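Just below is one structure, and these are the notes that go with it.
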Amino acid sequence: MKRHLPGLSWPRLSDEPIRVSCHFCDALQEAPRLLEGNAAYCCRCGEMLYQNRPRSLARATAFSSSALIFMALAHLFPSITVDSGGMRKELTIMEAADALFQEGNPLIGIVAIVFTIIAPLILMGGLLYVAAPLRFGMALPGAVTVTRLFQISEPWSMLEVFLVGILVSLLKLGAVGDVHLGTGLWALVGLVFCTASAMSGIDRLELWDRLEIALRKDT
Ligand SMILES: [Zn+2]
């Protein structure tokens, strides 16, 4: 049954309170469905239980599409330029990963590919595939599977850690010659920022509610 209460930002399957346990004191309690931008707090310790993120689908769509553009730029442009002994060499992330493979560091090469291509494609591509059509009340084929996959792979997105790793390896390269940061690396910073913003802006309750309503409408 599709209902839309005044003040609620999207139609809910149910406006009944939901049972949640507090992350801080484990108290099990009934908490209300929220209005846009509101938060629910624990009745025992007062810590926040969960929060509705305003315009979460619009933000998820904007940040995930920006993240994919930054990902493309990060691979198209050189990330680092090394000046050594009169020689100048520009390396993209893939060329750097290839060099790592050839120098006997395949693990770091694989990590570079996973964190700069595979993880962003699954996370941001999956989010865009689900969130953009949902804004218009539509669910594309396989949207539920993609959302589940997206939630499973979410804790494995450690782009921030990878970015720190790149900066540390750049410091090591500094011993070989002068290292300059290229456009590709700044695009990678943009990718990390947009990924973090997209992930933190999603309201999972809203996402699943909207998904279920869109699927019921199609059947
Ligand atoms: Zn509590």
Just a yes or no: is a residue in the stretch 76-83 surrounded by 15 or more Cβ atoms within 10 Å (Cβ to Cβ) and within 23 Å of SER197 (Cα to Cα)? yes
Expected single match for assigned by TED's automatic domain parsing to the domain that holds SER65 and at pLDDT 70 or above among LEU149, LEU173 is LEU149
Mind listing whichever residues of the stretch 19-58 are within 13 Å of the ligand (Cβ to nearest atom) and closer than 17 Å to ARG210 by Cβ? TYR50
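The values are calculated or read from the model by the stated rules, or taken from the named source; none is laboratory data. Since the model is a prediction, treat every value here as computed from it, not as a measurement. Here the Cβ is made from the backbone with ideal geometry for all residues, glycine too, and neighbour counts use every protein chain on show.
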